[in-house]
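Have a look at the structure below, then the notes.
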């Protein structure tokens, strides 16, 4: 569910007309719904009611400060994968003991930043990382709390570029080597082992791969405890998918995900952490764009819009589907048109959809890309020297720009000319 609905023939974001926002900030832009963000976080939090838990928002999906403040106020922790994300989380007022640091390539500077600023745990992914983290912690005179990410060799049945739990993926240590790696961790002076981490991929639409992975984790808990390790916390990652197309089979609900977690792991007396990103932020955002031209091709019509692959790269990068709808509600009996929907970037890859049926629109009309809150703005760039597009947050009948569109002058001012060229 989201809070983007037609009302009196116009698409609204909560109680604000999308056309009104477009008139104020120009196109293209992202718009997020506070009510949807809060509702989706609450669904996960309630799904784990009855067991000790923390829902950490995966910031890589959407990291604007205003969005982080909304979720932090609702009680969310944060899952970060870089020093920059850690800095953003702290700047948004998130306490260090609610921040989990994931990722395969943490640097010494990032480790030092988190250890001095406060951290709930590091999810470590290799023996070399453990050795470096231990040395940094010893130098600072502290203990670094860690879980070790195990790779359970479970096929998540998702896109190859977002699968993380198979043996050929770069993430974690093979579960077959877990006992040896945990023994090594326990012997390193700067580390405190507190649990196990697992994450098998993103945009999963079936609970079966999760259950297969979690059953392996449950077995591992018994083995590691028998070896003398205090396994108190299980970090289960994220990955639950969303329906990008209305015709898609609906992915599992958070409540069913929670029931499965309790069934497979609830008997272990461990605190549970989950790290959803896409399901919290995906349907909480739209990208809104304006039609520049409708161009007649040899055998098709091209809908040329002012949004481009640099603004929303998911279709070009993942062949991802986004439902694209007119901002003015079509008549029920309106005959649909079939378009290739493309942007102005000088790349054939700047294509959002091919032969997409939708209500006929013309130059100057607004269209909205649904389910664009996750991996939209955070993956955008200034390719073709196109300024980053605004982000807008709606709360009831109010809206505010939470990231402004830079001017050309501001964009170019970040370049530095060396003296010999001045």
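Scanning the stretch 39-51 for residues that are part of a helix (DSSP H, G or I) and surrounded by fewer than 17 Cβ atoms within 10 Å (Cβ to Cβ) yields 42, 46.
Residues in the stretch 381-392 include at least one that is at pLDDT 95 or above, in a strand (DSSP E or B) and either within 18 Å of residue 308 (Cβ to Cβ) or under 21 Å from the mean Cα position of the chain (by Cα) (or both). On the given criteria, is residue 74 closer than 19 Å to residue 185 by Cβ and either within 15 Å of the chain's Cα centre (by Cα) or touching a residue at least 24 places away in the same chain (Cβ under 8 Å) (or both)? Considered against the rule, which asks whether it is closer than 19 Å to residue 185 by Cβ and either within 15 Å of the chain's Cα centre (by Cα) or touching a residue at least 24 places away in the same chain (Cβ under 8 Å) (or both), residue 74 comes out as no. When residue 22 is tested against (1) part of a helix (DSSP H, G or I); (2) touching a helix residue (DSSP H, G or I) at 6+ places or on another chain (Cβ under 9 Å); (3) assigned by TED's automatic domain parsing to the domain that holds residue 366, only condition (2) is not met. A Cβ distance below 8 Å, combined with a sequence gap of six or more or placement on separate chains, defines the contacts here; from the stretch 200-225, residues that are assigned by TED's automatic domain parsing to the domain that holds residue 320 and free of Cβ contacts under 8 Å to residues at least 60 places away in the same chain reach no residue that is surrounded by 15 or more Cβ atoms within 10 Å (Cβ to Cβ) and not in a loop (DSSP other than H, G, I, E, B).
Against the definition (at pLDDT 95 or above, surrounded by fewer than 16 Cβ atoms within 10 Å (Cβ to Cβ) and part of a helix (DSSP H, G or I)), how does residue 139 come out, yes or no? In short, yes.
Would you check if residue 240 is assigned by TED's automatic domain parsing to the domain that holds residue 174, touching a residue at least 24 places away in the same chain (Cβ under 8 Å) and in contact with a helix residue (DSSP H, G or I) (Cβ under 6 Å, 6 or more places away or on another chain)? When the stated conditions are applied, residue 240 passes them.
Can you tell me which of (1) over 20 Å from the mean Cα position of the chain (by Cα); (2) in a helix (DSSP H, G or I); (3) modelled with pLDDT of 95 or more is the one residue 258 doesn't meet? Unmet condition: (1). Figure legend. Inter-residue proximity from the stretch 246-269: first residues assigned by TED's automatic domain parsing to the domain that holds residue 356, second residues part of a loop (DSSP other than H, G, I, E, B) and at pLDDT below 90, beta-carbon distance below 6 Å, spacing 6+ or different chains. No pairs are indicated. Which residues, counting only those in the stretch 4-34, are more than 25 Å from residue 306 (Cβ to Cβ) and in contact (Cβ under 8 Å) with a residue 40 or more places away in the chain? Across the stretch 4-34, the qualifying residues are 15, 34. Scanning the stretch 399-408 for residues that are exposed (fewer than 15 other Cβ atoms within 10 Å of the Cβ) and either outside the structural domain of residue 24 (by TED's automatic domain parsing) or in a loop (DSSP other than H, G, I, E, B) (or both) yields 404, 407. When the stretch 171-204 is limited to residues that are within 19 Å of the chain's Cα centre (by Cα) and in a loop (DSSP other than H, G, I, E, B), the one that is nearest to residue 154 (Cα to Cα) turns out to be 200.
Looking only at the stretch 326-338, filter to residues that are free of Cβ contacts under 8 Å to residues at least 40 places away in the same chain and touching a strand residue (DSSP E or B) at 6+ places or on another chain (Cβ under 7 Å); which one of those is nearest to residue 10 (Cα to Cα)? Step by step, filter the stretch 326-338, then rank; the result is 330.
Can you spot a residue in the stretch 231-248 that is part of a helix (DSSP H, G or I) and at pLDDT 95 or above? No: zero hits. Please go through the stretch 115-139 and pick out each residue that is touching a strand residue (DSSP E or B) at 6+ places or on another chain (Cβ under 8 Å) and farther than 14 Å from residue 190 by Cα. Residues satisfying the conditions are 118, 119, 120, 123, 125, 126. Filtering 201, 172 for residues that are over 27 Å from residue 250 (Cβ atoms), buried (at least 23 other Cβ atoms within 10 Å of the Cβ) and modelled with pLDDT under 95 leaves a single hit, 172.
The values are calculated or read from the model by the stated rules, or taken from the named source; none is laboratory data. As the structure is a computational prediction, the values presented were derived from the model and not from experiment. Cβ: placed from backbone, ideal geometry, glycine included. Neighbour counts: every protein chain shown.
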